[in-house]
Amino acid sequence: MIVVAIIGILAAIAIPAYQDFIARSQVSEGMSLGGGLKVAVANVINETGSLGAADSAANGIPASASVTGKYVASGVVANGVITVTFRSAATVAAALAAKTVVLTPTVNAGSISWACTSALPDALLPASCR
């Protein structure tokens, strides 16, 4: 009985930790797809000098319908702002379902910096987004 109790306690600790690990890995897919869009947006800004020219399906930026993954429903670019939306399907962690991560560019003299905003819990976001 003691062994069964110990296994139960370990399971009670391990299952929530594993669920957080799964959710963080799903967020990383969204950040990876957003990172690819960052490069496309930066190229448009460098070529045109304008954020307004950086939209989905224009100037070499992929259409939002083509920026998808197992956990990501879409990656939309509007005026340089990238919005990654997670799926609401049962395969996505409950904390991510239908939530978004928004990557906003700021054009500096000679560089582009990115701000990240999201309604996701900080524990699920990468350090660059907290």
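No lab work stands behind these numbers, since they all come straight from the coordinates. If you're wondering where the values come from, they're calculated on a predicted model, not measured in any experiment. Because the Cβ atoms are built from the backbone with ideal geometry, glycine has one as well, and the counts that use them run over all protein chains shown.
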Correct choice for Cα Rg over 2.2 N^0.38 Å that was computed from the model, options [x] 1.06; [y] 2.17; [z] 1.32: [z]
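Relative contact order, percent, of the chain when contacts are C-alpha pairs under 8 Å separated by at least 6 residues? Walk me through the intermediate numbers first.
Details: 195 pairs, mean separation 24.5, N = 130.
Relative contact order of the chain: 19 percent.
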Once the other residues with Cβ under 13 Å from the Cβ of Q26 are scored (Lys, Arg +1; Asp, Glu -1), what is the net sum? +2
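May I ask you to order 110-121, 27-38 by the average number of other C-beta atoms within 10 Å around their residues, highest value first?
The packing order, highest mean first, is 27-38, 110-121.
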Work out how much length A57 to I112 would gain on full extension: take 0.36 nm times their residue separation and subtract the Cα-Cα distance, in nm to one decimal. 17.7 nm
